[in-house]
Structures are given as structure tokens and as C-alpha cells.
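A short reminder: the numbers here are calculations on the coordinates, not readings from a lab. Everything numeric here is computed off the predicted structure, so don't read it as measured data. Cβ: placed from backbone, ideal geometry, glycine included. Neighbour counts: every protein chain shown.
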Amino acid sequence: VAAARLAERGRRVCLLEMGSSYHPGDFPNYFLEITRMLRVAGGRFGLGKRNNLFQLHAGKDIHVLRGCGLGGGSLINAAVAMRADEHVFSMPGWPDEIIADGLINAAYELAEGMLRVSPCPDAAGLTKFRALERTAAVHGQAVTPLQLTINFTGNAAADRPACNYCGNCWAGCNVGAKNTLADTYIAAAVDNGADIRINSEVSHINEGSDGWLVNVVDAEPIAAKVVVLGAGSLGSTEILLRSQQHGLAVSPSLGEGFSANGDAMLFGYDVDVPVNGVATGHPARAKTETVGPNSAGSFTIEGNGDDPRSRVIIEEGVLASVLTALAPVSMLRRGRVGNAIKCLLQGPYKGALNNTQTFFAVSHDAASGCMRLENDRLNIAWPDACEQPVYERIDEILSTSVEAMGGRYARNPLSDGAGKPPVTAHPLGGCKMGKDRTSGVVDHRCRVFDASNDNGEVHKGLYVCDGAVIPSSLGVNPLLTITALAERAMMLME
Ligand SMILES: Cc1cc2nc3c(=O)[nH]c(=O)nc-3n(C[C@H](O)[C@H](O)[C@H](O)COP(=O)(O)OP(=O)(O)OC[C@H]3O[C@@H](n4cnc5c(N)ncnc54)[C@H](O)[C@@H]3O)c2cc1C
């Protein structure tokens, strides 16, 4: 976002990205393909190339999934674009200005325009959408279509194909129908002359003689008057923690406020209605009824009493084609030998697995995880992550409906039977916004507070514009709010 907006203003922009560049056709369709594009790291161990596209931070307290490549998480996300409810910005931790100046609404509009957000026009006709209607009906709720960063109409002139409903959005779109950051903001930055450097990992930043020095692994440092960190919740926090070790005066709250956005992936195995919930991928691995985009609809269970933080949103999803091979393994791990054999005999596109619902839940948690560097590696400490009350509530909502639909409720296979550790694809916080350097790392304009004195000053020309600045869970999928806050910061940049 910052690269696009600054290049548009005629500034000389250099964008550094740790990962590679990916295009339609580069994304995996089969399990073996994804294993070659995966990095799993935690504590002292790391498997796979450091800058592989799919990154699993395997922690003791929480696992985090994220994307690494030009376009970041947008390359492999499910494209759900929701605005946060206004009440979120009045939750503890948010600076007053976010609500007070109203700019956030204009920023959301800009973000929605750039990412070309629209609902799936055929959502209500999709089998998996209708299956979710049954799930929602158990709780007296209705399903509504989701807004998505996907092209459904196609635009031949702009070489933008329409979605073909293969369902593999979060393994990466091989059709080219998803409006990733690479296709939108980064493309706009390039059009305005930005210099893009892939496979460039930033280690830390120092104050230079006239601005900043950005230190890049295995390359010469780069001098810049303005530095905007956009390396994500884990990435930007890691860079600032290392910069702090090199002498940068940053808030003592750096690393705090990690949230998983009350996010969870769950399953209703072999329910008694057709689901058609396994992605065929592109090129299609099987001829089936139309699957649809990964998530096309959702329903909401309102909070207990007046507390909007206990609200839960349930979205329907798809089992990505790359993961079908793991389903029988995961069943065996849980002791479900019969199910595993059934699944192997029927294959993914018929019977039990094809009638399995994938759910994504988003809600609120306490945002009380803490990131620190240990032996120069990022660690997330959050001992009671899996005891966040919201997970029990999500279990209650979904297990009731899955049982009512004759299926078996299952949690994410990366967690144990008790849901430990939780897995999130929505990491937030670490460089949270705040009123001052005690409560936050950045101010409402995303400027990094200077912690060297008590004057409330900010470091001139140093910004963080990504999920790291969000000081609470959002209760909705985060990409649109992250984009809008970056747009807002750019509106306010002098
Ligand atoms: C499988 C999956 C599905 C998701 N589905 C949705 C969804 O439907 N809707 C939604 O709203 N959100 C979704 N998300 C979450 C969403 O994609 C993220 O919240 C969002 O991408 C975060 O944006 P960001 O700018 O904070 O960081 P990122 O998108 O993570 O971007 C950070 C970038 O910085 C790079 N980087 C990191 N460290 C360094 C370094 N040291 N030097 C140089 N570069 C570095 C990374 O490689 C990456 O490209 C999903 C995420 C995943 C993984």
C-alpha cells in the first residue's frame, strides 16, 4: 500500500521482499507440490527454504500460518474482505483518533476499490453454501454472501480472467482471478517506477547520518529517508526487536499484544447433506459439481449479552486440493481407522470427504501473546492461548450443528484432540498502536514512537504499516482493515 501511494506521489520507492515472485500456474495443486514450497520453523528447528511461500511458524503455544512472496499473505489467503465493526475501534488499546477523525471509512473505500471487492454472484446456488445454511439454521441464523477480493466477471482487456470456482484460493490462485497485492497495489507501484527487489530479507534498521539504513541479509545496506515496515505481524516485530538490540529506542511494549484474531479452522466430517467441499484445483483434478470460491458465505452468532467481543462469525470453506492426501492420515492419528479406510476407498471427490464441511471461525481473543527474540529467532509466548474462552464457544456452536447434521465434529489436525496449540492464519499485533510510547509502539498514523525520551516524539520517517499495528483482535478477517489502516497512514503522511 505504502509503495503504491508513495510512488504515485513521485517519491523514489524501493520495495524489499524476502520471498520470490509468483504467478498463476506457479501454485501447488498436489500434496507433493506443496511440500516443496513449505517452510516449517519453530524454536531452533527449521525445515524447508527460509523464504518458501507457505510458512508455518510451529510454536509451543500457538502455530501461525502465513505467506512469503511478493504479495505476502494475499497470495495464499481465502480472499474474504470484511470491514471491522465500529465497536472494535473503541476497544481498549485503540487510539481515539481512529474513530474521531472518520478517515478510516474513506480508507476502507480506497482499499475496497483497489482490491476490487465483490461477492460471488452465484453464492446461494453453491452446494457448500446451502450446507452452511443447514448449519446456520440449527442456530436460527441465516447465511449471507461474503465480500471477496476475487474477479467474478473477468476483464479480457486487462487480462484478468474470471474465477472458475475451482476452490483452491488459499493454495494460491492458478487462474489469476484473485486480486492479490501483487496484482493491485504492487502493480500500481511498479507502474509508477518503484524498484522491486525480491529474495531480499531485511534484518534490522539503524539510524543513518541522514535518515535510515536498512540492513539486508547478504546484500549492501540501503539508505532511505523514509522506511515503512510491512513485513507482517511476525516479520515487522522481528525486524524492530533486532533493531532495538542494535540500539534503536523503541517502546518497551514491542512484541506484546499478539492476537490470533480468535481464528480457527474446523470440520464437520461426512454430514448428511451434500457439501461438495473439496477443491478441484486448476487444472481440475476431477470432474465434480461446481465447488465455488473457497469461502462464499457466512453466518454470525451474536455475543452473550451486550458484549460484542463474544460474537462469532462462521464462514464455510473448502479443503484445498493440496491437503486431500493428509485427510486419511489425520483420521488415523485420531484413531478413526474406519473413516480413514472409507476415505482412501472413495477418494476425495466422492462420499465422506466430499460431504465434509470446512469451517473458518473468526472472533475475539485477549490479544495477550508476546513475541521475543530467542537466539535471534522469533518466539511467541502465550501459555494460555488455547484456553481463550472463544474456542470453547466455537466448539459448542459447531459441534451442535455438525451432530444435528449427522456428521462428526473435528478440530484442526495440526492441534491435538484438545485443540492445543491453536493454529491461526490471522496473526495480529506486536507493534501495536497506542496513545503513547508506554501503551504502543506506533501512533495512530503508524509512526514509530521514539522511546529515548519522554517528549512523546516519533522517529522521523519510520513507519509500520501491516497487521503488527493492530492492538486487538478484529472479530472479522483482517486483510481489509490492515489495508485500510495503511491507506489511512498514507493519507496522513506529510
Ligand atoms: C491460508 C490463509 C488464508 C487467509 N485467508 C484470509 C481471508 O480470507 N481474509 C483475510 O482477511 N485474511 C486472510 N488471511 C490473513 C491475511 O492474509 C493476513 O492477515 C495478511 O496477509 C497480513 O498482511 P500483512 O501486510 O500484515 O503481512 P503479510 O501479508 O504477511 O506480508 C508481509 C510480507 O513481508 C515479507 N517479509 C517478512 N519478513 C521479511 C523480512 N525480514 N524482510 C523482507 N520481507 C519480509 C513476507 O514474506 C510477506 O510477503 C489468510 C492467511 C492465510 C495464511
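Of note:
- The chain - mean residue ellipticity at 222 nm from DSSP helices (-39,500 (n - 2.57) per run, n ≥ 4, rounded to 500): -6500 deg cm²/dmol
- Modelled label reach - Lys350, point 7 Å along Cα→Cβ, segment 275-289 residues with backbone N closer than 14 Å: 286-289
- Crossing angle, helix 103-114 versus the chain [Cα axis fit, 0-90 degrees, rounded to tens]: 60 degrees
- Paramagnetic label zone (point 7 Å from Cα along Cα-to-C-beta, Asp272; backbone N under 19 Å) in segment 314-351: 351
- The angle between the Cα long axis of helix 232-245 and the main principal axis of the chain comes to about 30°, on a 0 to 90 degree scale.
- Rh by Kirkwood over Cα pairs, then Stokes-Einstein D for the chain at 0.890 mPa s and 25 °C, µm²/s: 107 µm²/s
- Applying Stokes-Einstein at 4 °C and 1.567 mPa s to the Kirkwood radius of segment 318-463, computed over alpha-carbon pairs, gives a translational diffusion coefficient of 68 µm² s⁻¹.
- Inter-label distance for Lys342 and His139, nm, one decimal - labels placed 7 Å from Cα along Cα-to-Cβ: 2.5 nm
- Arranged from fewest to most other beta-carbon atoms within 10 Å of their beta carbon, Trp382, Trp94, Trp170 become Trp94, Trp382, Trp170.
- Helix 389-404 and the long axis of the chain differ in direction by around 20°, with both axes built from C-alpha atoms.
- Judged by the mean number of other Cβ atoms found within 10 Å, the most tightly packed of the peptides 10-18, 136-144 leads the ranking 10-18, 136-144.
- Ranked by how many other beta carbons lie within 10 Å on average, peptides 415-426, 351-362, 331-342 from highest: 351-362, 415-426, 331-342
- Near Tyr409, the amide H atoms lying under 5 Å from its own belong to Tyr269; only residues 5 or more places off or on other chains count, and H is placed 1.01 Å from N.
- Theoretical gain in end-to-end length, Ser368 to Lys287 [0.36 nm per residue, Cα-Cα removed]: 24.6 nm
- Label zone at Arg377, where the point sits 7 Å out along the Cα-to-Cβ direction: segment 60-74 residues whose backbone N lies under 15 Å: 60-64
- Residue by residue, segment 287-294 carries 3J(HN,Hα) couplings of 8, 9, 5, 3, 8, x, x, 3 Hz when phi is fed to the Karplus relation 6.51 cos²θ - 1.76 cosθ + 1.60 (θ = phi - 60°); x denotes Gly or Pro.
- Translational diffusion coefficient (Stokes-Einstein; Kirkwood radius from C-alpha pairs) of segment 291-333 at 4 °C, 1.567 mPa s, in µm²/s: 99 µm²/s
- Each of Ser209 and His246 was given a label point 7 Å from its Cα along the Cα-to-Cβ line. The distance between the two points is 1.8 nm.
- Shape index of segment 45-190: Rg/Rh, with Rg the Cα radius of gyration and Rh the Kirkwood radius from the inverse mean 1/r over Cα pairs, equals 1.01.
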